[in-house]
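See below for the structure under consideration.
The values are calculated or read from the model by the stated rules, or taken from the named source; none is laboratory data. None of the values given here were measured: they were computed from a predicted structure. A quick note on method: Cβ atoms are made from the backbone with ideal geometry, for glycine too, and the neighbour counts reach across all protein chains shown. Only protein heavy atoms, including side chains, enter the accessible area calculation; ligands, DNA and RNA are left aside. Shrake-Rupley method; radii C 1.70, N 1.55, O 1.52, S 1.80 Å.
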Amino acid sequence: MSTTATATTPAPAPQVLRRRKPLRPGTVVKNLTALVLAVLFVFPVYWMFSSSLKPQSEILSKDPVFLFAPTFENYPTATGVDLFWTYVANSLTVTVGAVLLALIVALAASFAIARMRFRGRKGLVLGVMMAQMAPWEVMVIVMYMIARDGDMLNSIPLLTAIYFVMVLPFTIWTLRGFIAAVPVELEEAAQIDGCTRGQAFRKVIFPLLAPGLMSTSLFGFITAWNEFAMVLILNKEKTAQTLPLWLTQFQTAFGSDWGATMAASSLFALPVLIVFLFLQRRAVGGMTAGAVKG
């Protein structure tokens, strides 16, 4: 007599339906406020880009024009000025150079502040904070006198050095917070395994600083890319000028060429927008985390 074993299939678990929580009045107000603020911040950018695609008659129209046939005639006018590519090369040189120099120096300085104890450490931190808060425009006259007496006017290396000093305090302050947030035990474990202090920094701490490096690079890029006063005073020769001064050249006998100005402004903002979109996830977290940790 054979016995047949019957397998019992377990009954499916009952599905639990989760009810959506009703929106609270406070949440609705916050969302609406955020939406209004987003529109207020985005609208000038939209108007700039849209105006760059309008003919001059529609830009100067008494009534705002939202529906129009786009035209790209303003962009050749904007890029057709003399020495346009020289302006581009100068801006890239001073911006990238200043950011790279600031990162290299700030890595060493922030590591010393975060990990080492030495006399004058608190004074150094206070000096970095004061330098960050100081308005650099008040130093324009002093910078001009130094450059004039040292025969360094119209100098791209001098402009790079000035921008490097401008972005250095924020870079040190932010990276200090990130280095302080890395547990010192990781560095000590690497040294026990045979690494020198430099190797421990390079192999353990440096890979963890990506958010801080990106956020400080973004800040430095925006600061150096947009800076206007220093290059206006120090670099009078067109061959030594940068893109912010290119934006001031669209004046005609009949007034401002607003179409070309808006096209130039759009092109000028495009690199910053691309860099921000590329770094936004890590950069936003880096700016908030590095400023409070440590």
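Restricting the first member to segment 141-167 and to residues that are touching a residue at least 24 places away in the same chain (Cβ under 8 Å), and the second to residues that are charged (D, E, K, R) and open to solvent by 60 Å² or more (accessible area, probe 1.4 Å), the beta-carbon pairs closer than 6 Å and six or more apart or on different chains are Asn154/Glu237. I'm checking my understanding of the structure. Among residues of segment 90-108 that are out of contact with any Phe, Trp or Tyr (no Cβ under 8 Å at 6 or more places or on another chain) and not hydrophobic (A, V, I, L, M, F, W, C), which one is surrounded by the most Cβ atoms within 10 Å (Cβ to Cβ)? Looking at residues that are out of contact with any Phe, Trp or Tyr (no Cβ under 8 Å at 6 or more places or on another chain) and not hydrophobic (A, V, I, L, M, F, W, C), I get Asn90.
When each of Ser61, Ser57 is tested for being open to solvent by 70 Å² or more (accessible area, probe 1.4 Å) and either assigned to a loop (DSSP other than H, G, I, E, B) or not hydrophobic (A, V, I, L, M, F, W, C) (or both), the lone residue that passes is Ser57. Can you pull out every residue in segment 100-131 that is at pLDDT below 85 and closer than 14 Å to Phe164 by Cβ? Matches in segment 100-131: Ala131 only.
Considering segment 147-160, the residues that are open to solvent by 40 Å² or more (accessible area, probe 1.4 Å) and outside any loop (DSSP other than H, G, I, E, B) include one that is modelled with the highest pLDDT, namely Pro157. Whenever a residue of segment 216-235 is within 20 Å of Gly177 (Cβ to Cβ) and in contact (Cβ under 8 Å) with a residue 60 or more places away in the chain, its partners that are of a type in the set (Phe, Trp, Tyr) and open to solvent by 30 Å² or more (accessible area, probe 1.4 Å), lying with C-beta atoms within less than 7 angstrom and at least six residues away or across chains, give the pairs Thr216/Phe170; Leu218/Phe276; Phe219/Phe170.
What number of residues within segment 207-226 satisfy the criterion of being under 13 Å from Met166 (Cβ atoms), of a type outside the set (Ser, Thr, Tyr) and open to solvent by 20 Å² or more (accessible area, probe 1.4 Å)? Matching residues across segment 207-226 total 4.
Which residue pairs have Cβ atoms under 6 Å apart, sit 6 or more places apart or on different chains, and have a first residue in segment 186-207 that is touching a residue at least 12 places away in the same chain (Cβ under 8 Å) and of a type in the set (Asp, Glu) and a second that is part of a helix (DSSP H, G or I) and open to solvent by less than 40 Å² (accessible area, probe 1.4 Å)? So the pair list comes out as Glu187/Ala200; Glu187/Val204. Mind checking which helices (runs of 4 or more DSSP H) fall wholly inside segment 177-287 and carry at least 3 residues that are among the aliphatic types (A, V, I, L, M)? Once the helices (runs of 4 or more DSSP H) in segment 177-287 are filtered for at least 3 residues that are among the aliphatic types (A, V, I, L, M), what remains is 184-192, 210-226, 229-234. Gln280 meets each of the listed conditions (1) open to solvent by less than 40 Å² (accessible area, probe 1.4 Å); (2) at pLDDT below 85 apart from (1).
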